[in-house]
Amino acid sequence: DTGVSQNPRHKITKRGQNVTFRCDPISEHNRLYWYRQTLGQGPEFLTYFQNEAQLEKSRLLSDRFSAERPKGSFSTLEIQRTEQGDSAMYLCASSYYITDTQYFGPGTRLTVL
Amino acid sequence: AQTVTQSQPEMSVQEAETVTLSCTYDTSENNYYLFWYKQPPSRQMILVIRQEAYKQQNATENRFSVNFQKAAKSFSLKISDSQLGDTAMYFCAFMKHGGGTSYGKLTFGQGTILTVHP
């Protein structure tokens with residue numbers, strides 16, 4: 001089992017550009033979560049999927065953010081028209097069952113210039 | 001909504017000594033889970049220990065143990081025989097149990113930076 005992987009690990013972009021991140025969960029994990037972590041703070045929940053269904057979105061997830069999980073495998077998080085306030089670490093986690101431990105990936109660090 | 005508070009931004013301990021990290025939470029739920037996660041510098045977050053609220057016995061994992069006080073809504077982490085590799089940011093987290101919205105998502109505290117000195 002290779003764990004949760006995220007790509008890219010680092011992304012630098014200019015304000016106004018669109019960016020897309022990918023998360024590959026542990027195989028057979030049917031729940032996938034996205035969190036955002038700013039420097040020195042705890043992660044904040046953004047959204048989660050059970051299989052391919054997106055079950056909840058945080059109010060932090062503005063209209064510029066969209067997440068998908070086609071076929072219930074990997075997931076993508078897209079940010080359109082990036083703003084400097086979007087600079088953060090974006091974490092992905094997965095679990096097999098709803099009450100199981102969530103395993104985290106290494107994160108994608110986004111810097112918006 | 002649930003909130004998790006870690007009142008100690010930073011802690012330090014000498015190698016081989018014991019340290020306790022504090023966490024309090026606020027919820028109206030009766031069934032939930034509590035977690036301590038560890039995030040080493042520039043490395044990914046890993047689970048240290050978890051506690052089911054319906055269990056009265058405090059969870060223990062090797063050198064890590066918790067003091068779970070449900071009535072006081074307190075969930076502290078004790079690290080015994082501290083090692084240099086324990087240096088990390090530690091997060092306390094809450095997860096609601098049961099149906100409805102927010103089921104399964106983690107609510108994190110602000111974190112405590114622990115430094116273990118040789």
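The values are calculated or read from the model by the stated rules, or taken from the named source; none is laboratory data. Everything numeric here is computed off the predicted structure, so don't read it as measured data. A quick note on method: Cβ atoms are made from the backbone with ideal geometry, for glycine too, and the neighbour counts reach across all protein chains shown.
Looking across the stretch A:1-11, just one residue is over 14 Å from the mean Cα position of the chain (by Cα) and surrounded by 12 or more Cβ atoms within 10 Å (Cβ to Cβ), and that is A:G3. Within the stretch B:1-11, if we keep just the residues that are surrounded by fewer than 12 Cβ atoms within 10 Å (Cβ to Cβ) and not hydroxyl-bearing (S, T, Y), the residue that is farthest from the chain's Cα centre (by Cα) turns out to be B:A1.
Do you know which of the residues in the stretch A:51-102 that are of a type in the set (S, T, N, Q) and within 23 Å of B:F91 (Cβ to Cβ) is surrounded by the fewest Cβ atoms within 10 Å (Cβ to Cβ)?
So the first thing to find is which residues in the stretch A:51-102 are of a type in the set (S, T, N, Q), and the list is A:51, A:54, A:58, A:62, A:66, A:73, A:75-76, A:80, A:82, A:84, A:87, A:94-95, A:99, A:101-102.
Keeping just the survivors that are within 23 Å of B:F91 (Cβ to Cβ) gives A:58, A:75, A:87, A:94-95, A:99, A:101-102.
On the way: A:S58: 17, A:S75: 25, A:S87: 16, A:S94: 25, A:S95: 19, A:T99: 14, A:T101: 16, A:Q102: 25.
So the residue we want is A:T99.
In the stretch A:50-61, is there at least one residue being within 11 Å of the chain's Cα centre (by Cα), more than 10 Å from chain B (Cβ to nearest Cβ), outside any loop (DSSP other than H, G, I, E, B) and closer than 18 Å to A:C23 by Cα? No. Hey, does the stretch A:64-74 have a residue that's touching a Phe, Trp or Tyr at 6+ places or on another chain (Cβ under 7 Å) and assigned to a loop (DSSP other than H, G, I, E, B)? Looking for residues that are touching a Phe, Trp or Tyr at 6+ places or on another chain (Cβ under 7 Å) and assigned to a loop (DSSP other than H, G, I, E, B), one finds at least one in the stretch A:64-74, hence yes.
For the stretch B:58-100, a residue qualifies if it is over 21 Å from B:R43 (Cα atoms) and touching a residue at least 60 places away in the same chain (Cβ under 8 Å), and the qualifying residues are B:K78, B:S80, B:D81, B:F94, B:M95, B:K96, B:H97, B:G98.
Residue selection: B:Y54 fails the criterion of being out of contact with any helix residue (DSSP H, G or I) (no Cβ under 6 Å at 6 or more places or on another chain), surrounded by 15 or more Cβ atoms within 10 Å (Cβ to Cβ) and of a type in the set (S, T, Y). Exactly one residue out of A:Y35, A:Y90 is within 23 Å of A:T2 (Cα to Cα), touching an Asp or Glu at 6+ places or on another chain (Cβ under 8 Å) and in a strand (DSSP E or B): that is A:Y35. Scanning the stretch A:19-42 for residues that are under 12 Å from the mean Cα position of the chain (by Cα) and within 11 Å of A:L91 (Cα to Cα) yields A:F21, A:R22, A:C23, A:L32, A:Y33, A:W34, A:Y35, A:R36, A:Q37.
Looking across the stretch B:86-118 at every residue that is outside any strand (DSSP E or B), more than 23 Å from B:F68 (Cβ to Cβ) and modelled with pLDDT of 95 or more, the one that is farthest from the other protein chains (Cβ to nearest Cβ) is identified as B:P118.
May I ask you to list the residues in the stretch B:45-85 that are within 14 Å of chain A (Cβ to nearest Cβ) and either among the small types (G, A, S) or not in a strand (DSSP E or B) (or both)? Show your work before the answer.
Initially, the stretch B:45-85 is screened for residues within 14 Å of chain A (Cβ to nearest Cβ), giving B:45-55, B:59, B:61.
Of everything in the stretch B:45-85, those that are within 14 Å of chain A (Cβ to nearest Cβ) and either among the small types (G, A, S) or not in a strand (DSSP E or B) (or both) turn out to be B:M45, B:A53, B:Y54, B:K55, B:A59.
Considering the stretch A:93-113, the residues that are polar (S, T, N, Q) and outside any strand (DSSP E or B) include one that is farthest from B:I46 (Cα to Cα), namely A:T99. Checking A:L110, A:L46, A:L32 one by one, the residue that is touching a helix residue (DSSP H, G or I) at 6+ places or on another chain (Cβ under 7 Å), within 25 Å of B:V4 (Cβ to Cβ) and in contact (Cβ under 8 Å) with a residue 24 or more places away in the chain is A:L110 and no other.
Return yes when A:T82 is in contact with a Gly (Cβ under 7 Å, 6 or more places away or on another chain) and away from chain B (no Cβ under 14 Å) and no when it is not. Spelling it out, A:T82 is indeed in contact with a Gly (Cβ under 7 Å, 6 or more places away or on another chain) and away from chain B (no Cβ under 14 Å). Scanning the stretch B:12-44 for residues that are farther than 18 Å from B:D81 by Cα and loosely packed, with under 13 Cβ neighbours inside 10 Å, we see that the one that is farthest from the other protein chains (Cβ to nearest Cβ) is B:S28.
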